[in-house]
Each structure stands twice: as structure tokens, then as C-alpha cells.
Amino acid sequence: MVTLATSGFGLVAALAWNNVIQEVVNNYIKPYLSQGSGLVSLLIYAVLVTVIAVVVTVNFSKLIEKLEQ
């Protein structure tokens, strides 16, 4: 049950961060790109999400290793 609840809260948090990152790209990056640059802004968004996911995964892995010792 704890794993299920944690996963649920993790999903809600991920969706919230998803919205934040989309707004940052739309408000601060998209204005500097030319009209019709939807693909570029989507690429920037995807890269940001990927970097955040990798950093979080690496940090969780290190935390789990420390807790197992």
C-alpha cells in the first residue's frame, strides 16, 4: 500500500512539474524563437524534462544505495 500511495503522489507531482516546465518554455523561451517554432520549443521542453528525470533518478539511486548499507 505504501508503494502504491507513493507512486500516486509521485505521479501527481510529476504532472504538476510538467505544467510548470511547459509554462516556463511558453513564457520565457518561446518568445525568443521565430513564429512557427513549435517543434523547437517542444524539443527544449523534452530536453528539460529528460534532464530533470535523469537527475532525480540518479539522486534516488544514490539514496537507496546509502540506505541499504
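The table below gives the values:
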quantity	calculated
Some residue of region 13-23 being on the phi < 0 side of the Ramachandran plot, of a type outside the set (Val, Ile, Thr), open to solvent by 80 Å² or more (accessible area, probe 1.4 Å) and in contact (Cβ under 8 Å) with a residue 24 or more places away in the chain	yes
Criterion violated by LEU42 - all others in (1) at pLDDT below 85; (2) out of contact with any helix residue (DSSP H, G or I) (no Cβ under 6 Å at 6 or more places or on another chain); (3) open to solvent by less than 80 Å² (accessible area, probe 1.4 Å); (4) not small (Gly, Ala, Ser) satisfied	(3)
Whichever residue in region 25-35 is without any contact (Cβ under 8 Å) to a residue 12 or more places away in the chain and assigned to a helix (DSSP H, G or I) and, among such residues, is most open to solvent (accessible area, probe 1.4 Å)	TYR32
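The values are calculated or read from the model by the stated rules, or taken from the named source; none is laboratory data. Small disclaimer: the values here were computed from a predicted structure and weren't measured. Cβ coordinates were reconstructed from backbone atoms using ideal geometry, including for glycine residues, and neighbour counts include every protein chain displayed. Accessible surface areas use protein heavy atoms only, side chains included; no ligands, DNA or RNA. Shrake-Rupley method; radii C 1.70, N 1.55, O 1.52, S 1.80 Å.
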